[in-house]
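Contents: one structure, followed by commentary.
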Amino acid sequence: LLGIEAPSDILYMYGDDTEFAWKLAKSGFSFYQCAHPIIRKPSSPERSHHVFGLFEKNTPDLEVYYHIRNAVLLSRNNTYQSKPVLLINISIWVTAALLIGFWQTESYRLFSHRSRIILRAVYDGYNEKNIRPSYIGV
């Protein structure tokens, strides 16, 4: 499309649209706001996978992993921050997410499990690894 390369296969789920937008912007295209956009999104509104949904028991582990890993991967590949500054920013964000999860999560077992997934996803995204830990499931 318009000579812009397709999103990376490593993204798997979450982030391919963001990466495509970064590529469009780097190619010189402009973005405009729309007063009444129409967005068709397959996920339901009750399943929020952002910070407050990361520690909900109905959020699948697979979605937590890819949401975090791809956010880190996109930041690493598309921002102009140096690696050390990006690492500091990611560390602050993850610390805040873990604190929110600690207060929000119903059980220590779920908090511990999701924290491990989040930390692994951050590591894999920062190091551009395309793997999924075996304990995440299908």
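So, how do all the Cα-to-Cα distances of region 54-138 break down into 5 Å bins, in percent, from 0 on up?
In whole percents, the pair-distance histogram is 3, 16, 26, 24, 17, 10, 4, 1.
Hey, quick one: spin label on Gln104, modelled 7 Å out along Cα-Cβ, who in region 53-74 has an amide N within reach, i.e. under 11 Å?
Zone members listed by number: 53-57, 59.
What list of ³J(HN,Hα) couplings, whole Hz, do you get for region 54-69 from phi and the Karplus terms 6.51, -1.76, 1.60, once you set θ to phi - 60° and write x for glycine and proline?
Using θ = phi - 60°, the values come out as 5, 10, 7, 5, 7, 7, x, 3, 4, 6, 4, 4, 5, 4, 6, 4 Hz.
Please give the length that would be gained between Cys34 and Val51 if that part of the chain were fully extended, namely 0.36 nm times their separation in residues minus their C-alpha to C-alpha distance (nm, one decimal). Mind showing how you got there, number by number?
Values: separation 17, 0.36 × 17 = 6.12 nm, distance 2.59 nm.
Taking Cys34 through Val51 to full extension adds about 3.5 nm, to one decimal.
Below 14 angstrom from the Cβ of Leu86, what's the summed charge of the other residues (Lys, Arg +1; Asp, Glu -1)? Provide the component values of the computation, followed by the final result.
Details: positive: Arg76, Lys83; negative: Glu128.
Taking every other residue near Leu86 into account, the sum is +1.
Go through 117-127, 90-100 and give me the packing order, highest mean Cβ count within 10 Å leading. All intermediate terms of the calculation are to be shown ahead of the outcome.
Details: 117-127: 18.5, 90-100: 14.0.
Those peptides, ordered most packed to least, come out 117-127, 90-100.
Can you bin region 54-104 into rounded, prolate or oblate? Criterion: square roots of the alpha carbon gyration tensor eigenvalues sorted a ≥ b ≥ c, rounded for a/c under 1.5, prolate for a/b above b/c, oblate for the rest.
Numbers: a/c = 4.57, a/b = 1.59, b/c = 2.87.
In terms of gyration-tensor shape, oblate.
No lab work stands behind these numbers, since they all come straight from the coordinates. Because the structure is predicted, anything quoted here is derived from the model rather than measured. Note that we place each Cβ from the backbone using ideal geometry, even for glycine, and neighbour counts take in every protein chain shown.
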